[in-house]
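The structure appears right after this line, and notes come after that.
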Amino acid sequence: MGQVASIPRKSGVYVLELHEWYRKFVQECPSGLITLHEFRKYFCDCTVGNESSEYAEQIFRALDNNGDGIVDFREYVTAISMLANGTPEDKLKWSFRLYDKDKDGAITRSEMLEIMKAVYKMSVAASIAKVNPLTAEECTNRIFIRLDKDHDAIISLQEFVDGSMDDDWIREMLECDLSTLEIQNLPKSSQLHAMSSRESMFSTHQ
């Protein structure tokens, strides 16, 4: 069900950041664990309400390394640390898990479309879509055309990483936004910035 997460060993500023992450995590999750229901509620409260619940579920399943239905601090901080300090390839590999819903090592068009629709729904609710936006279907089709190099109707991890590294638009689209994972105690209106990096999904870049 996935490898056990490990916390990178660093010092200095990283230790202070780790302490702050732990403080916030324990403040929001006193038991040191968070369930899907709790995570969905927290995530929705921090973004645009119930319109973000589907995306929250996908984020949770990507965080849940061992598939036990619970995210602990180690799993949480490993993802935060990697998205903050990891290489572009590492970040994309983590994002791949977000789209690979059934964890079979490949992303189908339906899996990609499901995430795109969830993000689209959040963006519309947050009123950040630009004029003449791409639909979720158009966005999915564009990504598949560019990434599915062998035309087998699935995107492998290698295709996902290589294609994203070679295409700035796709990379910006598919990389998970760190701010969607950070625990913050801010009013809902202040946390809509967590959606900002997804705004590019609905631009008309070619």
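The values are calculated or read from the model by the stated rules, or taken from the named source; none is laboratory data. Predicted, not measured: the structure shown is a model, and the values here were computed from it. Every residue, glycine as well, gets a Cβ built from its backbone with ideal geometry; the counts of neighbours run over all protein chains shown. Just the protein is used for accessible areas: all its heavy atoms, side chains included, with ligands, DNA and RNA removed. Shrake-Rupley method; radii C 1.70, N 1.55, O 1.52, S 1.80 Å.
Miscellaneous remarks
- Note, ³J(HN,Hα) from phi for the range 134-148, Karplus 6.51, -1.76, 1.60, rounded to Hz, x at Gly and Pro: 5, 7, 4, 5, 5, 5, 4, 4, 5, 5, 5, 4, 7, 9, 7
- Label-to-label distance, nm, for residues given as Glu38 and Glu57 (7 Å Cα→Cβ offset): 2.0
- Computed over protein heavy atoms with a 1.4 Å probe, the accessible surface of the range 25-98 works out to 40 Å² per residue.
- For the residue pairs Lys101/Lys121; Lys24/Lys103; Lys41/Lys101; Lys103/Lys149, the alpha carbons lie more than 25 Å apart in Lys24/Lys103.
- Extended-chain gain in nm, criterion 0.36 nm per residue less alpha-carbon gap, Lys103 and His151: 15.2 nm
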